[in-house]
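The values are calculated or read from the model by the stated rules, or taken from the named source; none is laboratory data. Because the structure is predicted, anything quoted here is derived from the model rather than measured. Glycine gets a Cβ as well: all are built from the backbone with ideal geometry, and neighbour counts include every protein chain shown. Ligands, DNA and RNA are excluded from the accessible area calculation, which covers all protein heavy atoms including side chains. Shrake-Rupley method; radii C 1.70, N 1.55, O 1.52, S 1.80 Å.
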Amino acid sequence: MGRQVLGEFEQIVLLSVVRLADAAFGRAIYEELARLSITQVTITAVYVTLSRLEKKDFVSVQLAAPASGGRRQKLFAITPSGLAALQRSREQLARFWAGVEVGGGRAGQ
Amino acid sequence: MSESRPPARSRALLARLLPAALRADVLADMDDTHSDLVARHGDTEANRWYRTQVRTSLRMALAARFDRFPGRVSGNRTFLRRGDDLMTGLVQDVRYALRAIRRDLGFFTFATMIIGLGVGASTAVFSIMSPLMLRPLPLEVPDRLAWIALNRTGGMSSVTSRTSNLRDFREMNRSFESMTGYDAFFDYNSYNFVGDGEPERLVGVGVARNFLEVLGVAPMHGRNFVEEESVWQGRPAAILTNAFWVRRFAADPAIVGTSISLNDTPTEVIGVLPASFDFSSTFTPGARIDFLLPFPIADETDRWGNTLSMIARLRVGVSIESAQADIDRMVEQLKEADPVRWGLGGAVTALQGQITGGFRSAMVVLAAAAGAVMLIACANLSNLLLARSVKRRKEFAVRSVLGAKRTRLVRQLLTESLLLALCGAAIGVGIAVAATRAVAATTAVSIPMLTAVSVDLSALTFTLAVAVGAGLLLGIVPALQISAGHEGAVINDTARGSSESRNSKRAREGLVVAEVALACVLLVCGGLLLRSFVAVLDVDLGFQPVGAMSWSIDTARSFESSEERVAFYNEVIARVSDVPGVDVVGLTDTLPLGRNREWGIWAEGVTYEEGQSPLAFPRMVGVGYLESMRIPLLRGRHFRADDTSETHNVVIINESAAARLWPGLDPIGQNALMTGEEPWQVIGVVADVHHQSLEEGSGLEMYLPIAQHGDWGTLDMVVRSSLPQAALVGPVRAALRSLDPSMPTTEYQTLDALVDRSVSPRRFILLLLSAFGGAALLLASLGIYAVLSYSVSQRAPEIGIRMALGESASQVQRRVVSRTMTLAGTGIALGGVGSFVVARLIRPLLYGVAPTDALTFAGMAVVLLLVSGLAGYMPARRASRTDPMTALRSV
């Protein structure tokens, strides 16, 4: 648990949960990801990932109804250990990016 | 919120693959998003999005389902684990296989055809066998139904029972829930049906009142017979068969409750049978049945003698053996009570066995033949795959060096061969469907349950099993060969001439020898059956079928006396004889090769031991019958017009009867006795006629004039003429109608057709077997060709060297051909031994030829050698045309 780093998709899912705060319902998370992600995202993938993150205790789930009304849905929130994991992943990435120049849009030049 | 729904199939697919915990949420969100998209962008966009989502999610959904290690995530592994590996592997294998196929489309097409042939044959045979042997009869709880014959063997009259037997058994038995029967001699009567349209002669079967109940069949419309209809001279009623109802009344349910005219008697149609119950297909294959009528179990019908085929339903828990013991007990008791009572007895067998038993051996033979064809196809294909896999050695060696495990390579090859097998199976199913349609539609073959033949779920399951089995079988040998190692040598092209190619050569040649051996067995058995068939056709029938036709005639007219009736039919003969081109006309109540009854006949003044009295097949005939059939008269004279009811009773008997009744004496002038007091004087002896079937002997026969013996119903008219059928039919029909316009005139056939129908089951089996034999021969020769061809191309350098060193083209050819002959010869030798064994097993199907018939064995050996020689010739020619320089350059 302590030294785990998140996979790429797990990271952006967790980040979306953070970004959406109180409105982090499954569908909203998907739409956020779809909006910002370069690659295609599926709702299934979102839920599968959220399920794993939950099992690892990085997110918590509760049932709530959205502000706009409608059926009760799962509302996700990041846990402290989830935040810590995000932090670790960010630091890890930063370490590897340090001193790397990727300019002009063409790698290796 | 729009009404539009997401694409149902995609949704269902996703729903199936998602793990249960996530299903509700994912589907709900997908539905919501879909609705939004419909509102914003329309149905098409929304559906496209939905489908893309599903398609892209499939792998992940499946992987999530198989996810067994929820807690273990390492940093650089993605969250797709074991499940995905399996999936990726399979998908990859299929993609790889498809690419391999595309590269070699010709081979693939060829190979699928071969498999298609094998699978088609197997599935077709399975489908034919299924209703006969594998499926239970289409009746209720069929394994508790029993058939009760009078005796175990004998002619029709020896296996049918009196109605008093049924009556008494019903009362006294302890083993049967219910007992019933039908009139086995139903075709001695016919019913003129005059509706709108042509008058028709219908065939009806008399059944006991509870017949349908016992079988568990309920009428589709209407009801079963009631008591008032089932007593002697009860109210006329009929239950129509489904086929007749559809044909003549256009499946109109309103016919139930109306009255139709049968033999000028208004008869109420009280019901229609369901299509699932085909009386004729089950009990009387080859005979068309139009309706059921009540057969009273009464003293009056008891006097008719042995008439019933008895069927009974066993009580739960009662076995056939205990039922038999029960019957024996009842027979004992009845005999004690009335010692002079005749016709007591009962032999119990299972109904299914009774109906299908006669064809068991033929079906088994067909199944074995289909199996052999399948094996040959597999062997052939295995060979081709082996040859092809050798070409791909390099490809697989590279993969192996790059880290692919052996199991992976084997799996790859198995996937390819499975794919091949499944495609072939699809073709095979097509072939089988066509074949079974043809079989089910044929009514010319007297094999029971043929109309129920179809490619159904069980057949498809069978096909799938066969295909998968074939795929694995085919794939395993090349797969193991190819992944056997020696990568370095293979990649460096130094592998030629190594031991592995010798092994593979031995494997391929071994397969070819096996193919030839199997083909030999198939051909020998086919040949034996062919000779049997020819022998059967060659049998001296005792009559001349060529140039004669028969008409089923009957009139609804009522006559005041039997003399009037006879005069009417004599007039029929006269009118038809007047038709230009007609040579002779005769009448009989039973044509040969049909069903018949047996009567006791005794020589006057001779006493016979208990159970030893002779039984003969009686025929009521008009003047001219024997002449019209060209049954040779050996002694005495024919019937004449002056043999009437006023004059002395006369009878004509056949040779066998003469020998049996008056051995060593001249029977002419002797008196014969039958039931009744008057003697019948023998005035003529004719040659034996095969009346039951071509294969069986004729037994005792006697011919009685219709003018003198009244026990006949419908008659068949035999017309001998040199005119072709087309020219004869019209005038004869006109002549008949001129005498009685309501007489049905459309039931005619040539006597040739009659004989044909009698041998139809044998011919049917033979046809199928020949098809298999032909396929086997084709496949085996293709196998030989392929192996030799490959061998020649492999050995091109060697051949080149030899030719460069002086060997001539013809010497090269001879070498190849001799190799072919060695292979073929070995195969034939092995096949000969195999045939020897197998032929013994098909002995019951043979007629007039021994299972060890040397001519057949030798003939088939010659055929195989010739075909093999031909198959080997082309590669041989190619070898002899090798240009030594080109061949040497490729070393």
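The single condition among (1) part of a helix (DSSP H, G or I); (2) in contact with a strand residue (DSSP E or B) (Cβ under 7 Å, 6 or more places away or on another chain); (3) open to solvent by 90 Å² or more (accessible area, probe 1.4 Å) that A:L63 does not satisfy is (1).
Note on the range A:53-65: residues that are more than 15 Å from B:V26 (Cβ to Cβ) and within 12 Å of chain B (Cβ to nearest Cβ) amount to 6. Scanning the range B:305-314 for residues that are out of contact with any Asp or Glu (no Cβ under 9 Å at 6 or more places or on another chain) and either assigned to a loop (DSSP other than H, G, I, E, B) or open to solvent by 10 Å² or more (accessible area, probe 1.4 Å) (or both) gives a single hit, B:G305. Restricting the first member to the range B:602-615 and to residues that are modelled with pLDDT of 85 or more, and the second to residues that are open to solvent by 80 Å² or more (accessible area, probe 1.4 Å), the beta-carbon pairs closer than 6 Å and six or more apart or on different chains are B:P614/B:R660. On inspection, A:R19 does not qualify as among the basic types (K, R) and part of a loop (DSSP other than H, G, I, E, B). Among strands (runs of 3 or more DSSP E) entirely within the range B:676-732, having at least 1 residues that are of a type in the set (D, E) singles out B:700-705, B:715-721.
Residues in the range A:1-16 that are among the aliphatic types (A, V, I, L, M), part of a helix (DSSP H, G or I) and open to solvent by 30 Å² or more (accessible area, probe 1.4 Å): A:I12, A:L15.
Of all residues in the range B:24-45, those that are closer than 9 Å to B:P6 by Cα have Cβ atoms under 6 Å from Cβ atoms of residues that are part of a helix (DSSP H, G or I) and open to solvent by less than 30 Å² (accessible area, probe 1.4 Å), 6 or more apart or on another chain, in B:M30/A:I43; B:H34/B:A46; B:H34/B:Y50. Just wondering, is there one or more residues in the range B:622-644 that are open to solvent by less than 40 Å² (accessible area, probe 1.4 Å), charged (D, E, K, R) and more than 30 Å from B:V340 (Cβ to Cβ)? Yes, some residue in the range B:622-644 is open to solvent by less than 40 Å² (accessible area, probe 1.4 Å), charged (D, E, K, R) and more than 30 Å from B:V340 (Cβ to Cβ).
Considering only the range B:327-348, how many residues are in contact (Cβ under 8 Å) with a residue 12 or more places away in the chain and either more than 18 Å from B:G305 (Cα to Cα) or in a helix (DSSP H, G or I) (or both)? Residues that pass the stated criteria total 7. Residues in the range A:66-80 that are without any contact (Cβ under 8 Å) to a residue 24 or more places away in the chain and within 11 Å of another protein chain (Cβ to nearest Cβ) were compared, and the one that is most open to solvent (accessible area, probe 1.4 Å) is A:R72.
State whether one or more residues within the range B:50-65 are in a helix (DSSP H, G or I), open to solvent by 50 Å² or more (accessible area, probe 1.4 Å), facing chain A (nearest Cβ under 9 Å) and of a type in the set (S, T, N, Q). Within the range B:50-65, one or more residues are in a helix (DSSP H, G or I), open to solvent by 50 Å² or more (accessible area, probe 1.4 Å), facing chain A (nearest Cβ under 9 Å) and of a type in the set (S, T, N, Q). May I ask you to verify whether A:L93 is within 13 Å of chain B (Cβ to nearest Cβ) and either over 29 Å from B:T52 (Cα atoms) or assigned to a loop (DSSP other than H, G, I, E, B) (or both)? The answer is yes for A:L93. Only one of the listed residues (B:L262, B:L273, B:L292) is out of contact with any Ser or Thr (no Cβ under 6 Å at 6 or more places or on another chain) and modelled with pLDDT of 90 or more. That residue is B:L292. Of the residues making up the range A:34-52, those that are part of a helix (DSSP H, G or I) and at the interface with another protein chain (Cβ under 10 Å from one of its Cβ atoms) are A:A34, A:I43, A:T44, A:A45, A:V46, A:Y47, A:V48, A:T49, A:L50, A:S51, A:R52. Reported count of residues in the range B:315-326, each being of a type in the set (S, T, N, Q) and either closer than 22 Å to B:T153 by Cβ or part of a loop (DSSP other than H, G, I, E, B) (or both), is 2.
Within the range B:255-271, the set of residues being β-branched (V, I, T), farther than 12 Å from B:L212 by Cβ and in a strand (DSSP E or B) comprises B:I260, B:T265, B:T267, B:V269. Looking across B:G222, B:G234, B:G271, B:G305, one residue alone is of a type outside the set (A, V, I, L, M, F, W, C) and more than 30 Å from B:S558 (Cα to Cα). It is B:G222. Across the range B:573-588, which residue is nearest to B:V729 (Cα to Cα) among those that are of a type outside the set (A, V, I, L, M, F, W, C) and in a strand (DSSP E or B)? Within the range B:573-588, the match that is nearest to B:V729 (Cα to Cα) is B:D583.
Restricting attention to the range B:847-873 and to residues that are polar (S, T, N, Q) and either part of a helix (DSSP H, G or I) or modelled with pLDDT of 90 or more (or both), the residue that is farthest from B:A517 (Cα to Cα) turns out to be B:T856. Every condition in (1) over 25 Å from B:Y785 (Cα atoms); (2) touching a residue at least 60 places away in the same chain (Cβ under 8 Å); (3) among the aliphatic types (A, V, I, L, M); (4) part of a helix (DSSP H, G or I) holds for B:V455 except the one numbered (4). Residues in the range B:18-49 that are open to solvent by 30 Å² or more (accessible area, probe 1.4 Å) and within 9 Å of another protein chain (Cβ to nearest Cβ): B:A21, B:D32.
Here B:S693 fulfils each of the conditions (1) under 18 Å from B:G586 (Cβ atoms); (2) open to solvent by 10 Å² or more (accessible area, probe 1.4 Å) apart from (1). Within the range A:21-35, restricting attention to residues that are of a type in the set (A, V, I, L, M, F, W, C) and more than 17 Å from A:E54 (Cα to Cα), which residue is least open to solvent (accessible area, probe 1.4 Å)? Checked the range A:21-35; the qualifying residue least open to solvent (accessible area, probe 1.4 Å) is A:L33.
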